[in-house]
Structures are given as C-alpha cells and as structure tokens.
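Asks: I'd like to ask some things about the structure below.
Read the figures in this text as sums done on the coordinates, not as results from a lab. Note that this is a predicted model, so its numbers are computed, not measured. Glycine gets a Cβ as well: all are built from the backbone with ideal geometry, and neighbour counts include every protein chain shown.
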Amino acid sequence: MDIAKGLHSPLRKFRGGVPADHQKNAADIPLQSIPVPGTVAIALSQSIGAPCSPLVAVGDHVYAGQKIGDSDKTISAPVHASVSGKVIAVGEIVLSNGIKCQGITIESDGKREDCPDISPPVIESLEDFLNAVRESGLVGMGGAGFPTHAKLRSALKSEPAVDTLIINAAECEPYICVDNRECMEYPQNIINGIRALVQWIGFKQVIIGVEDNKPKGLERLLNCLGEECNADMDIKVSSLHSRYPQGAEKMMIYVTTGRIVPIGKLPSDVGCVVMNVETCSVIGRYLRTGRPVISRSITVDGDAIDGPYNLRVPIGTSIQDIIDYCGGFTEPPYKIILGGPMMGLALSDTTAPICKQNNAILAFRQTSISRLVKWDCIRCGRCVEACPMGLVPEKLERYARYRNVEKLKELNVMACMECGSCAFHCPGNRSLVQYMKMGKQLIREEAQKNVN
Amino acid sequence: MLINMNIKLTVSSSPHVHTPMTTRGIMRDVLIALMPAVLAGICFFGARAALLCAVSTGAAVFFEWGFRKLIGRKNTISDLSAAVTGLLIALNVPPTLPVWMIIIADFIAIVVAKQFFGGIGENFVNPAIAARIILMTSFPKEMNAFIEPVDAMTTATPLALAGTDAAPSLWQLLIGYHGGTIGEVCALALILGGVYLLVRRVIRWIIPVCFIGTVAAVMFFADGCSLYSAAYQVLSGGLILGAVFMATDYSTSPVTTWGKVIYAIGCGLITCLIRLFGSLAEGVSFSIIIMNILTPHIEKLTMPVVFGADEKGRKAKEGSL
C-alpha cells in the first residue's frame, strides 16, 4: 500500500456547531510532571462498565504500576497504583460528579517507585494484544472512559469488518491542549500505537484528524510520519476545519470518510473505530515499556488561576493538589470546570480525585463566564441552526418540560450528544442541554417501566 | 485534604460559555434598526409622527408591565420586545391617526395577541400586525387618511395611485416623498435598517429576500415583463417594512431554513394576490398574518433530517463498504 504522507484537508463540513474561539493558550506549554502527591485516591470505577474489586488491603505496600483493582467482567478495565506507598483506606470515595464509589487511598512514600513486575508485554496473537490493552488499564482518554479493549473486541465482531482507524486529535473543546501536546511530544508513541492497531485489528486506512488551529501539532506528526519511511501503512493526517464539535465521533467520521453513522448505531457499524490520540499513544507506550495507565495529561487554565499549564499528574491526585501546584487561585473562582467549557462538569468542590478520562481543570471568574439572566424562548431558531445532529432543541425543550415522551421519541432526543452548541447560541440563555438530558432520562425511565 | 472553605462555586449544566447575544440585545438592535425609518417619518410628517411613536411605544410597554403585574407573572418589559411592538405599530399607521386609536392598537397587540397566549415567544400571530389589521377593519377611514409629506395635503397611498398620473416616481418612493404610514414611506431608511439587522446577525436574509423577491417576480410578469412595475410594487406600500421587520418576527415564523423559504414565498404570493385581485390596495399585513397561522404546519413539513436518520445515511453506509 502507498504511503500517504501529505496533509489531507476534507472538504466536507458538518452542520451547525460553534465557530472557533478556541483559547488554546496552553498549546506551546510543554508537559511537566507534578511532584508525587502526599496521597492519591484511586477510584475502582474509572470507566463505563463494571467497577473493579480491590486486590489490596489496608496496610499493604504498593508500587507504582501495581494492579490494585480488577474485574472479571468484559466491559471493565483494571486500575493500578499511581504512586508507591501504603494503602491507608479501601472504601467509599466521592468522584467529581458527586457519585460515590469504592476507592483505594494510598499514602505515598514520595518516591513513585516502579513495580518490579513491569515489563513489556509479549504479543504473539490478537488475543495477546487485546489482553495487553486490557492489562494496561486503558480507557478512552478523550472523555468517554469506555474500556479500550472492550471497544476493540466489539469492533472486531462487527459485520462487515472494520477497515478505518480514525485517531481523534481534533481537540475542539476550547482551552484544552493535552492532545496537541501528545502530538508534539510523543508522536513516536502515537505511531507505534497505530502500527500495533493496524497489525492486529487489520485496519486498511488510518486517518489522524487534527483541527487546523494546531499547525505545530500537524507539522510534528507529518514530520514524524515522514521519518517512518518503512511504514507499510496508509496513514493520512487530516487538517480539519476548526469548528466545535469537530471532535465528536460522528462528526469526525463524516468529515474524514463521508460515512454517516445511523442513529443508535456505533462507528463500527460503518467500518470505523475512532480513538483519542492519547489513548493510542498509551498503547504505543505500553507495548514498549509495559507501564500501565497511572498518569495522564491535564491542561490547567482559566482567568482565576495562574497558568496556563500542561501537567502530567498521577491518577488519583486530588484536584486541589493540582491547583495548589499551580499556585492556587489568583482570584476567587466562580466556576471550576473539569473538562472543557462546552461539555465539562462544573465542580462543587475540589476534593475529587483525577480519573483516567479527565483532561482539563479550568477556573473562571464570574465576569468572564456567567450569564445570570434567563429569558423566555423567542423561537429565534438559532438552536435549530446550531445542532450538528439536525435536531430541534426548541421543541425538545418544550416537550421535556411537558414530559411528553411520545413527542420526545418522535423528535429523536436520544440522538442528542449533549455537545451544547444549541445552548451556546441561545440568546435567552436557556438550559437546553439540561432539558435534553432530562428528555433522554424520561425515555429511559419509560422503557424501564415497560420492562417491569 | 485541603479544602478552601471560603470559595463558593457555582454548579450548572454545560455549556459554560455562551454567545454574547441576548434577547434584550436582539430587541435593542431591532429598535436601532427602526431608527432611520422613525427619523424619516418624523422628517416627512413632523411632530405628529413623533408623538404617535412615543405614545405607542410607551403604551405598549405600559400594557406589558400592567398585564404581567395583574396576572402575577414575571415582569418582562426589560426584554424590550414590547417597545419594539409599540414602535412598529406607530410605524404602521398614518400620521393623522387619533392618539386614542393607537392606544387601543397597543392594547390589542400586547394584551390580546401576545399576553393572552402566554407572552413573548408564545403568540401565534405578530402582535403589531394583528393590531394593524384590527385598526384597518375597525377604523378604515382614519387608517386611510394619508397625507403628503411636508405640505400635509390629503392623498392616497402609491398602491392606490399605481398606473394613474398622480403616481409618485420611483425616486420619490425610494426616499419616501409620498403618502403612506409613518414608517413605510422611506424605503431607503428601511433598507438601511434591514442591512443593520443582517450585519448584526439578528435576522437571516432568507425571509426578506424571498418575500420581496416573490413580489417583484410576480409583479414583473403580471404587468407584461415590466421592470418598472416590479420596482414600483416593491417600493410602495408596507412591503419592505413588513418583509424586514414584521415577517421576520421569530415567534411567528418557522425556525427551519426551508420553512422560512416556504413561509416567505407564501407571504409574497398572498401579497400579490391581494394587490392584484383584492379590493384592498395593500396586502402585506394579511399575507403575513395568514402565513403566521400556517407556521406550525410549515415547520412540521420542513423538520431538518436528523444526522444518520435519512436515506443518504443508509446509502453512505452501504456504499462505502
């Protein structure tokens, strides 16, 4: 197969969305590791799917990278100690979204001593590869948190077989720059990850999608691919139009391949697997070193905090520890967001631990982010124009308020991906995403009622 | 673990960033866009025009405030929509109209057409149009008492004069030197306001262009391919005022793009039918109100295709594999 090394710009555009004001302040800030925190709280449920059972007890000594929780369920990923030290608690912890789950708290010895068992996995078959991905504890690091091995297994079962791997480095959320840093600093890991995926899963083409507001990341990837002259893979680097939500799975597939994922179907149903770039990079690194997911990159930005920073933080570090490392707040923050400003979670406190899928901490002052006044809907239609999925948020909001499940179903509220484009454009500042979530919940509740 | 107890954080659903555009900002922009027409009206018709504009705007805001207070609902005058409605009503009446009549019109617009149906966003017809139609049918003499600008001689509207020797020239129509309502006479001022609304992204071009374009096209062919007729019909009567400021009312026009196209062409066709065959000289108000009523049906017909739900989606899936 030919080696396609040129930059490729798709002409297709998705509908609606939000024009770019990407605030990529941290794009050129190199990743730096924070010092080993005093304690880390490792949640046993860091992915969609079954929670892990603890493999250690209070008082046990653990090494960094040692597996401390696992499950025998298919949709689950093991968790590993991110520092070396002593287990001081196994019990309930509160996650950033307010949900309580089981977790293991480790008092670090300040050393982050690696587990002596860590060695590169030996891979001789597809099964070895999938097991290695599982053992690395890898989940979708772009925010979804779906166990990667489970995603690959389900993609392998799809009929007809998957043929396209899309590496998602679009990073369309404002402020966040960790995917860009991954492209800048670890392109070799990314390419190694791609190579393994192509070898074992059998993809025929690979497309790396990066928004065109990150020219340095694009250039670095291209250069690195150029050095890989012996690569026998068809890898395209795709320079994508900077428009939110370019990185949404369905938009990404449509723009890069022209395929449209039918409602209620998965990317594998149109032959695609979309993988976040850091996830892919972790595969590359794990196969080389055997070090599982025990840290991740986080962008710290916003006008209430010194910065910006791109940090490597151990999983389980509390958000407050990261803020302290960055020098605390410069002004009392009004909102702290875990993730991007379009889809991130507004935190009620800063005690929660970082999980594998978190990618940013943003702290804002009131003046820069608040819109306190809400107005009635004037049916201006901006939400309808903005919806990348072609939904009618104006009507969905109304039917959610009326709890009209029939109408919600008819207007496909389940196709909403909660990207927030509608609410961004709403001049009435209406909580459209909240109503979409409520509408989906109403449908789920009714389905549940019908089962019982 | 260190917790800073002094910090009070706000928790809300995503997204956490928004467009700077607000409902009040939109209404403010509409008021600004109406200013050229208001100034032109005052220029041509004097203090009487200014009085009607002021009284009508004031009365509309008062009725909005009073009715919301009466029914114990949130005060909504700060969204400025009532002020827009009040000003539009003044621009839609002849400068000679008695003041008490315009107050009745404001009452009908704000209380009957808007608040009875739930207030802003819930009304099914444009309040200002409803008020104009009530005035036209209740007080036909006063609503047709048009005067010439400046010298205040009694005259008819250009539409009534079309084809006669007394018909104003296209140039007169463009700058507004002819009989008509306060706001509709100066086409130039209205176009200026329309361009401002387009630039500020308050309105999309679809409705004004399709509406005016349909009228121009029909009139061009109706009068034996006459460019003069097309231009005369576009520049006279309330067409530009209606197409730019009234047909584009969010609440009563379709939210879908193709819906807007159908709605605007419908407005244009009905306007032409009334102007060509009806007993009334002017048809813009009736055409808009009829299309207002059809808006929910047009919306139903033009729902956007959900991404991944259409034939194209299935084909894309089968074709590419």
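Asks: Out of A:T256, A:I322, A:L311, whose Cα points farthest toward the positive end of the dipole of the range A:228-336 (charges: +1 Lys, Arg; -1 Asp, Glu; placed on Cβ)?
Replies: A:T256
Asks: Using 7 Å Cα-to-Cβ label points, what is the A:D128/A:H61 separation (nm, one decimal)?
Replies: Once both label points are built, they end up 3.3 nm from each other.
Asks: When the helix-only estimate is applied to chain A (DSSP H runs of n ≥ 4, each -39,500 (n - 2.57), divided by the residue count), what is the mean residue ellipticity at 222 nm, nearest 500 deg cm²/dmol?
Replies: About -8500 deg cm²/dmol.
Asks: Reported to two decimal places, what Rg/Rh ratio describes the range B:163-250 when computed on Cα atoms with Rh from the Kirkwood expression?
Replies: Ratio of gyration radius to Kirkwood radius: 0.98.
Asks: Classify chain B as rounded, prolate or oblate, taking a ≥ b ≥ c as the square roots of the eigenvalues of its Cα gyration tensor: rounded when a/c is under 1.5, otherwise prolate if a/b is larger than b/c and oblate if not.
Replies: oblate
Asks: Can I ask one more? Given the options A:I201, A:I167, A:S238, identify the residue whose Cα lies farthest towards the positive end of the charge dipole of the range A:144-241 (+1 on Cβ of Lys, Arg; -1 on Cβ of Asp, Glu).
Replies: So the residue furthest toward the plus end is A:I201.
Asks: Right, here's the next one. Please report the spacing between the Cα centers of the range B:228-300 and the range B:121-191 in Å, no decimals.
Replies: First find each Cα centre; the distance between them is then 16 Å.
Asks: Using a 10 Å cut-off on Cβ to Cβ distances, tally the other chain neighbours for every residue of A:11-21 and report the average as a whole number.
Replies: 1
Asks: If packing is taken as the average number of other Cβ atoms within 10 Å across a peptide's residues, how do B:239-252, A:319-332 rank, most packed first?
Replies: Those peptides, ordered most packed to least, come out B:239-252, A:319-332.
Asks: Please state, as a whole number in µm²/s, the translational diffusion coefficient that the Stokes-Einstein equation yields for the protein assembly as shown at 37 °C and 0.692 mPa s, with Rh defined as the Kirkwood radius across alpha carbon pairs.
Replies: 112
Asks: Please report the orientation-averaged projected area of chain A, defined via the convex hull of its C-alpha atoms, in nm².
Replies: Average projection, Cα convex hull of chain A: 21.8 nm².
Asks: Sticking with this one: Near A:K409, which lysines are there with a Cα under 22 Å away, not counting those fewer than 8 places off in the same chain?
Replies: A:K250, A:K265, A:K395, A:K437, A:K440, A:K449, B:K300, B:K312
Asks: Let me ask another. Using the Karplus curve 6.51 cos²θ - 1.76 cosθ + 1.60 with θ = phi - 60°, work out ³J(HN,Hα) for each residue of the range B:34-50 in order, rounded to whole Hz, and write x for Gly and Pro.
Replies: Here the 3J(HN,Hα) series is 7, 4, x, 5, 4, 4, 4, x, 5, 4, 7, 10, x, 4, 4, 5, 4 Hz.
Asks: Could you compute the net charge surrounding B:E299? Neighbours are other residues with a C-beta less than 12 Å from the C-beta of B:E299; K and R count +1, D and E count -1.
Replies: Once positives and negatives cancel, what remains is +3.
Asks: Can you give me the relative contact order of the range A:86-231 as a percent, contacts being Cα pairs under 8 Å and 6 or more apart?
Replies: 17
Asks: Can I ask one more? Taking Cα centroids, how far is the range A:229-296 from the range A:116-135 in Å?
Replies: For the range A:229-296 versus the range A:116-135, the Cα centre distance is 21 Å.
Asks: Counting pairs of alpha carbon atoms under 8 Å apart in space and at least six apart in sequence, what relative contact order in percent does chain A give?
Replies: Relative contact order here is 19 percent.
Asks: Please work out the Cα center distance from the range A:312-356 to the range B:29-79, rounded to the nearest Å.
Replies: Spelled out, the Cα-based centre of one part sits 48 Å from the other.
Asks: Mind checking Rg over Rh on the range A:382-451, alpha carbons, Kirkwood formula for Rh?
Replies: Taking Rh as the inverse mean 1/r over Cα pairs, Rg/Rh reads 0.97.
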